[in-house]
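Since the structure comes first, as C-alpha cells, the remarks are kept for the end.
Each value in this text was obtained by applying a stated rule to the coordinates, not by laboratory testing. Given the structure is predicted, the values throughout are model-derived calculations rather than measurements. No Cβ is skipped: glycine too gets one built from the backbone with ideal geometry, and neighbour counts run over all protein chains shown.
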C-alpha cells in the first residue's frame with residue numbers, strides 16, 4: 001500500500017505556473033552573469049487578464065445570478081438546468097455533435113475541476129492510463145495521484161503538419177491494457193492541433209479497444225488562420241466513450257470566475273457529479289450565471305481577439321527563430337514552447353535566472369513530460385509590446401548563459 | 001483492486017440535499033394517504049438565503065475583487081496572501097489560538113472543498129478513519145472514496161448535556177489503528193455541541209495515539225444562548241495534529257460564492273495545496289475577495305441573526321415535542337434532527353411523501369449514519385412562519401402514516 005506521504009511526494013507544485021511567489025531565491029543569485037536586464041516584467045506563466053479583459057457582459061450576468069438569490073446559490077451539483085441547456089446548444093453547434101444538457105453535461109469549478117472529475121471517474125488504482133508527452137502537467141499528476149500507471153505516448157511536435165502523435169505508441173499502450181486516454185487539443189504546451197487524420201486514428205483505436213477518451217479542448221476557440229480543427233466527439237467513436245472539456249477561463253479571460261464544463265458519456269458524467277458532491281459541491285452558484293454570456297460575445301469580439309493573439313504569436317516566433325531557437329508555430333491557443341540551446345546552467349536554474357535577472361516568468365518544460373526539460377512554456381496572451389520586450393530579454397539571457 | 005465501477009457504487013447522491021430535483025416520483029404516489037396538504041413549500045435540505053440574506057458588504061467586496069483584475073483572478077493556489085492574513089487574524093481571535101496565514105491556511109471552494117482536501121491529505125487506501133455516527137454524510141463518503149476503512153464512533157446525542165461522544169469507542173478505534181478522526185462541531189445533523197470535557201478527551205486521545213483530527217466547525221458562529229463552545233485547536237493537542245475547517249456559506253448566507261478555509265498543521269495544508277492545484281486550482285479568485293467582509297459584519301448583525309434563528313428553533317422544537325417526537329435541542333447551527341415514530345411506510349418513502357404531498361423537503365437520516373434511518377434533518381434557516389407551517393405539516397403527515 002502507498003502511504004499518504006508517498007502519495008503526495010509525487011505531487012510537486014513548486015514549479016507550477018502561478019506558484020512562483022512561493023519559491024525562494026535560493027542560490028540562484030550566485031549563478032548570475034552580468035547585470036539585471038531592465039524592462040517591463042512579464043509573467044508568461046498564465047494569460048494577462050488585464051491586457052485581455054473579459055467580454056463586456058460577464059459581470060452583468062454574474063450580478064443577475066446574485067439577483068436570483070437562493071435558486072442560483074443552491075443549484076444541482078451539476079449546475080442549473082437552464083444554463084446547461086443554453087450552453088449545450090452552443091457546444092453542439094461548436095463541436096458538430098449533439099449535447100445532452102440533462103444527462104450528458106456538468107458545470108465545474110474551472111476546466112481543472114472538470115479534468116480532475118473526469119479522470120477520477122475513469123481511473124482506479126492500478127489502471128493504465130495513456131498520457132501524451134508533452135502534455136498539460138496535471139494529466140500526469142492526476143493519473144499518479146489516482147494510483148494509475150502512466151503509459152506515455154510520444155508527440156513529435158516538431159515533425160510536421162500534423163500534431164505528431166505516435167500512433168504506434170498509442171496502439172501499444174492500448175494493447176498493454178490502457179483503457180483511458182487523456183490529451184489536450186490544441187496541445188498544451190506546444191499549440192499543436194491534431195490533424196483530421198490523427199483524430200480519426202485516435203477514434204479508431206479507442207473504438208477497437210473500447211477505451212475512454214478525455215479530450216481537453218480548453219483553447220480550441222482561439223484557432224488561428226489556416227487551422228482546421230477536428231472535434232473528436234463528432235467522429236467515428238461511441239458517444240459513451242468521449243468526455244470533452246472546455247471552459248471560458250482562457251480565450252475569454254474569465255479565469256477569476258472558475259468555470260468549466262465537461263460533456264459527453266452520461267455514465268461518466270453521472271459519476272463526476274457524485275464525486276463533485278463531496279469535492280466542492282458545485283461550481284460557485286452565482287458564477288454559473290456568467291455562462292449565459294459564453295459563445296454569445298459581441299459581433300467581432302472573438303475574431304478580433306484571435307487576430308491580436310496571432311500578431312503577438314508571429315512577433316514572438318520571429319524573435320526566437322532569428323535567435324536560432326527551435327519552436328513550433330502554435331495553430332491554436334496562446335502557448336509557445338521554444339527549446340533552449342545548450343546552456344552552462346541547468347534549465348531549472350535558467351528559469352529562475354529569467355525571473356530574478358530578466359523579470360520574465362516562464363514555466364519549465366520539465367512540468368510537461370520527461371523529455372522536454374530544456375524547453376520553456378510561454379503564455380503569450382500578454383500586452384503585445386511587453387511580450388516582445390520580454391522575448392528579447394529571453395534571447396539575451398540565452399546568449400549570456402550559452403555553453 | 002477496486003474497479004472504478006465499484007468505487008462509485010458506494011457514492012450515491014440521490015438523497016443528498018439539493019439533489020431532489022433528480023428524483024422521479026416513482027411509486028410514491030401509490031402510497032399516498034389522503035389529500036395533499038396545502039401551505040407554502042419549504043426546502044429544509046439547506047438554508048434559505050432569500051429569507052436570510054448575506055451581509056450587506058459582500059457583493060461590494062466581490063466587485064472590488066473584480067476591479068483588482070489579473071492579480072485577483074490568478075492567486076496562489078492557497079489564495080491571496082493579503083486575504084489570508086486578514087482572515088487569519090479573525091480566526092485566531094475566534095478560536096483562541098494563533099493562525100499562521102503564510103504556512104498554515106488555505107482558501108478553498110467552500111468548506112466541502114476544504115473537507116475533501118483535508119481528508120485526501122491524511123487518508124490513504126487501507127487507512128482506518130474514525131468517523132462519528134451520526135455525522136455529516138460526506139465524511140463517510142470521502143473516507144470510502146479514498147479507500148479508507150470507516151471505524152464508527154457512536155454519538156449518543158439524546159443522552160444529556162454533553163454531545164454524547166462514546167469515548168470508549170474512540171479509544172478502541174485508535175487502538176485498532178485509526179490515525180485520523182473527522183467530526184463536525186456543532187454536530188451535523190443534531191446541533192449537539194461537544195462539551196469542554198469531551199474536547200479535552202478528544203485532544204488527550206489524539207495526543208496519546210498521534211492521530212490527526214479534522215474538525216468541521218462550519219456552524220460554530222451560530223451559537224445559541226447558554227452554549228459554551230470549545231475550540232479543539234486551543235486545547236492540549238499539538239498544533240501539527242489539528243486541521244480546522246470553517247466558512248461563510250451558512251450563518252453568513254454566502255453559499256453562492258463557494259468559500260471555505262482550512263487552517264492548522266502546515267504539513268497537511270501544504271499537501272492540501274498540492275492537491276488543490278490539480279482538483280480546482282483555487283477558490284474562484286474574485287470570490288476570495290468576499291472574505292474581506294468576513295467576521296467584519298455590521299455591529300449587531302450576527303447577534304440579531306442568532307436571535308432570530310433561536311426563535312425559529314424554539315418554535316419548531318415545540319411543534320415536534322408537542323406531537324411526542326423525540327428531538328435534541330440544537331446548541332448551535334441551524335439543524336434539527338427529530339426522530340420519526342414507527343410508521344406504516346419506510347422512512348425513505350415517508351421523505352418522498354413529505355415532498356409530494358406536504359411540499360416539504362427534508363434530508364433522510366440514513367444519509368448521516370446507519371443507525372439514524374428513522375430520523376429526518378431540517379435546516380431551519382428559513383422564513384419563520386413558513387418553517388412553522390411546514391413543521392405542522394410534518395406532524396400531520398406523521399399522524400396520517402402512523403403505524
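Descriptive notes on the structure:
- For peptide A:64-75, the mean count of partner chain Cβ atoms within 10 Å of a residue's Cβ comes to 5.
- Ellipticity estimate at 222 nm from DSSP helix runs (n ≥ 4, -39,500 (n - 2.57)) divided over chain B, nearest 500: -11500 deg cm²/dmol
- Inter-part distance where the range B:190-216 and the range A:46-83 are each reduced to a Cα centre, Å: 40 Å
- Mean Cα-pair separation over length for the range A:69-293, i.e. relative contact order, pairs under 8 Å, 6 or more apart, %: 28 percent
- Each DSSP beta bridge with both residues in the range B:58-293 is either parallel or antiparallel, and the antiparallel ones are about 35%.
- Highest mobility in the GNM of chain A, judged by mean-square fluctuation with C-alpha springs under 10 Å and restricted to A:153, A:132, A:279, is found for A:279.
- Shielding score for B:136-143, defined as the mean number of other chain Cβ atoms within 10 Å: 2
- Cα gyration tensor of the range B:348-403 - equivalent ellipsoid semi-axes, whole Å, descending: 19, 15, 9
- With both residues required to sit in the protein assembly as shown, DSSP beta bridges show an antiparallel share near 45%.
- Across the range B:58-293, Cα-Cα pairs farther apart than 31 Å form 19% of the total.
- Comparing A:75, A:111, A:244 in a Gaussian network model of chain A, where Cα atoms under 10 Å apart are tied by springs, the biggest mean-square fluctuation is seen for A:75.
- Mean projected area in nm² (Cα convex hull; one quarter of hull surface) for chain B: 19.5 nm²
- Of interest is the spacing of the C-alpha centroids, which for the range A:217-267 and the range A:310-328 amounts to 27 Å.
- DSSP-defined beta bridges in chain A - what % are antiparallel, rounded to 5: 45 percent
- Spacing of the modelled spin labels on residue B:228 and residue A:27, each 7 Å from Cα toward Cβ, amounts to 5.6 nm.
- Distance from the alpha carbon centroid of the range B:109-137 to that of the range A:335-391 works out to 39 angstrom.
- The order of the peptides B:54-64, B:192-202 by mean Cβ neighbours within 10 Å, most packed first, is B:192-202, B:54-64.
- Debye log10 I(q)/I(0) at q = 0.09 Å⁻¹ for the range B:138-246, Cα point scatterers: -0.21
- Percent RCO, i.e. relative contact order, over chain B, from Cα pairs under 8 Å lying at least 6 residues apart: 25 percent
- Seen against the Cα atoms of chain A and their longest principal axis, helix A:81-95 is set at about 60 degrees.
- Counted by neighbouring Cβ atoms within 10 Å, the residues B:219, B:229 run from fewest to most as B:229, B:219.
- For the range A:215-329, diffusion coefficient by Stokes-Einstein and Kirkwood Rh (Cα), 10 °C, 1.306 mPa s, µm²/s: 94 µm²/s
- Within a Gaussian network of chain A (alpha carbon springs, distance under 10 Å), most fluctuating of A:122, A:95, A:28: A:28
- Acute angle (nearest 10 degrees) that the helix B:266-279 long axis makes with the longest principal axis of chain B, alpha-carbon atoms: 70 degrees
- Rg/Rg_globular for the range B:310-403, with Rg_globular taken as 2.2 N^0.38 Å and Rg from C-alpha atoms: 0.98
- Across the protein assembly as shown, Cα-Cα distances exceeding 42 Å account for 31% of all pairs.
- Cα gyration tensor shape of the range B:107-200, rounded if a/c is under 1.5, else prolate or oblate by comparing a/b with b/c: oblate
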